[in-house]
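The next block holds one structure in the form of structure tokens; read it before the comments.
The values are calculated or read from the model by the stated rules, or taken from the named source; none is laboratory data. These figures come from a predicted structure and were not determined experimentally. Virtual Cβ from ideal backbone geometry, glycine too; neighbours counted across all protein chains shown.
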Amino acid sequence: MQSGTRDGTKLVHGAYRERAEVVRSFFYANADRLAHLCHAMARRFARDGVLFAFGPGAAASDAQHVSVEFVHPVIVGKRALPALALPNDVVSALASALGDQDPFSHQLLTLGAPGDIALGMVHSPGDPGSEGVSSALGQAEAAGMLAISLGGRSSEAASTEYLFEVDSDDPFIVQEVHETLYHVLWELVHVFFEHKGLLSDSGVPSAHGRAHDAGRSSFLYPFLKGAESDLTGVTSEVSRSILQKAEDVMALRARSMDPEGLLETASLIAGRVEGGGKVLVFGNGGSATDAQDLVGDLVAPPCGLTPVRAVSLTNDAAVLTALGNDIGFDNVFARQVIAHGRPGDVAVAISTSGGSRNVLAALGEARRRGLMTVGFAGYGGGRMAEICDRSHTVDADYIPRIQEAQATQYHVLRSLIGELLG
């Protein structure tokens with residue numbers, strides 16, 4: 001047992017070390033291009049462009065995360081920007097109807113316009129649907145959209161002007177870099193709204209489209225005040241901010257690393273799974289997409305890991321809206337725990353605040369029904385840390401960085417469960 005513990009903690013330390021190396025390499029190589037991409041996206045948004053995000057398999061939850069970030073700004077004063085995740089049900093229907101034709105392209109060319117933005121993601125080479133992502137991005141670019149391609153090492157990503165490949169074969173690491181990348185795009189595209197002259201072709205503020213500004217969030221970015229025509233100076237400051245954000249997430253991950261705690265949680269979950277239990281996962285907003293990501297990694301795991309029975313309580317829109325409408329949103333997860341939870345199961349809650357009422361209600365219901373409760377929470381854990389059987393916390397109060405650190409926590413936990421189940 002002691003030898004197994006040493007091996008497990010060594011795996012955790014190695015996983016965190018590898019992430020730091022990949023993150024540093026990726027963002028230091030791409031910071032300047034990402035800064036220019038933020039400017040290009042801001043110009044599109046200023047002209048009422050829409051961001052369409054999409055990807056196959058596990059990347060589908062990332063597409064939803066992108067949509068949440070741009071539409072529902074979490075920083076006071078930031079504007080909601082139009083973004084849509086291409087819906088999975090439409091993709092499935094089109095895949096059946098179109099046969100070998102690409103369902104992503106069909107949706108983009110039906111819903112989109114030349115001034116829009118297409119963001120396609122693939123985590124691993126050969127992912128089912130990766131060829132469709134590449135085809136869709138190529139057609140989107142030909143139609144006049146700004147095409148952004150995110151992939152892993154040697155992925156079948158589209159060769160667009162904005163192609164970003166993560167130098168890793170580990171789909172968990174690739175996903176985490178992608179998450180930081182689209183968080184950074186969301187955070188820093190707003191910088192250019194403060195410099196309205198940089199959004200027009202002439203260098204003069206344009207009357208076309210809606211005006212944007214950073215409002216009360218401008219204190220976060222002291223370099224916002226500057227000449228309307230100084231594109232080089234602004235993009236240089238944005239590039240430096242990107243590198244600082246990369247350093248921040250690496251430092252936060254290091255502070256949040258808990259090898260012994262993750263190994264203990266993995267052992268307890270593996271024991272319940274071996275006894276016939278399943279895993280229920282839930283959260284709100286970006287944490288809802290993380291719940292879907294974790295469930296996908298459990299049910300259809302990469303890297304040859306053993307599949308685990310798991311259900312996302314965030315995935316059925318009809319159930320969520322019915323419960324929210326009829327009994328209140330505070331109970332949307334608790335009611336599903338009543339329906340699906342059994343003694344011997346595991347309830348996993350993901351929250352940036354650690355205090356969401358519907359999450360706490362579900363955890364309370366799970367405990368009453370004999371489920372083991374596991375929490376991933378920011379803000380040092382909040383109320384969740386007090387009521388969960390097992391708690392993994394991030395001591396920070398900035399949501400994007402919390403979510404990025406949490407993704408590493410539950411990905412490493414998933415790898416440990418796989419090692420224990422064999």
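Points worth noting:
- Of the listed requirements (1) at negative phi; (2) in contact (Cβ under 8 Å) with a residue 24 or more places away in the chain, Val295 misses just one: (2).
- Every residue from region 43-59 that is buried (at least 24 other Cβ atoms within 10 Å of the Cβ) and assigned to a helix (DSSP H, G or I): Phe45, Ala59
- Test for Ala83: is it outside the structural domain of Asp127 (by TED's automatic domain parsing), small (Gly, Ala, Ser) and modelled with pLDDT of 95 or more: no
- Hey, Arg401 in contact with a helix residue (DSSP H, G or I) (Cβ under 7 Å, 6 or more places away or on another chain), without any contact (Cβ under 8 Å) to a residue 60 or more places away in the chain and either closer than 18 Å to Leu11 by Cβ or part of a helix (DSSP H, G or I) (or both) or not: no
Conditions tested, residue by residue: (1) surrounded by fewer than 20 Cβ atoms within 10 Å (Cβ to Cβ); (2) closer than 23 Å to Val337 by Cα; (3) in contact with a Lys or Arg (Cβ under 9 Å, 6 or more places away or on another chain).
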residue: Ala377; (1), (2), (3): no, yes, yes
residue: Ile387; (1), (2), (3): yes, yes, yes
residue: Ser391; (1), (2), (3): no, yes, no
residue: Gln403; (1), (2), (3): no, no, no
residue: Thr408; (1), (2), (3): no, no, yes
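- Region 1-42: number of residues that are part of a helix (DSSP H, G or I) and either free of Cβ contacts under 8 Å to residues at least 60 places away in the same chain or more than 20 Å from Arg153 (Cβ to Cβ) (or both): 25
- Condition met for Gly304 (loosely packed, with under 15 Cβ neighbours inside 10 Å, of a type outside the set (A, V, I, L, M, F, W, C), modelled with pLDDT of 95 or more and more than 19 Å from the chain's Cα centre (by Cα)): no
- Matching residues in region 350-398 - criterion: being in contact with a His (Cβ under 9 Å, 6 or more places away or on another chain) and of a type in the set (Val, Ile, Thr): Val374
- Per-region count, region 386-414, residues among the small types (Gly, Ala, Ser) and under 22 Å from Gly271 (Cβ atoms): 1
- Residue list for region 148-164, restricted to those being closer than 30 Å to Ile402 by Cβ and either surrounded by fewer than 19 Cβ atoms within 10 Å (Cβ to Cβ) or of a type in the set (A, V, I, L, M, F, W, C) (or both): Ile148, Leu150, Arg153, Ala157, Leu163, Phe164
- Matching residues, region 360-396, being assigned to a strand (DSSP E or B) and acidic (Asp, Glu): none
- So Asp89, is it at pLDDT below 95, assigned to a helix (DSSP H, G or I) and not hydrophobic (A, V, I, L, M, F, W, C): yes
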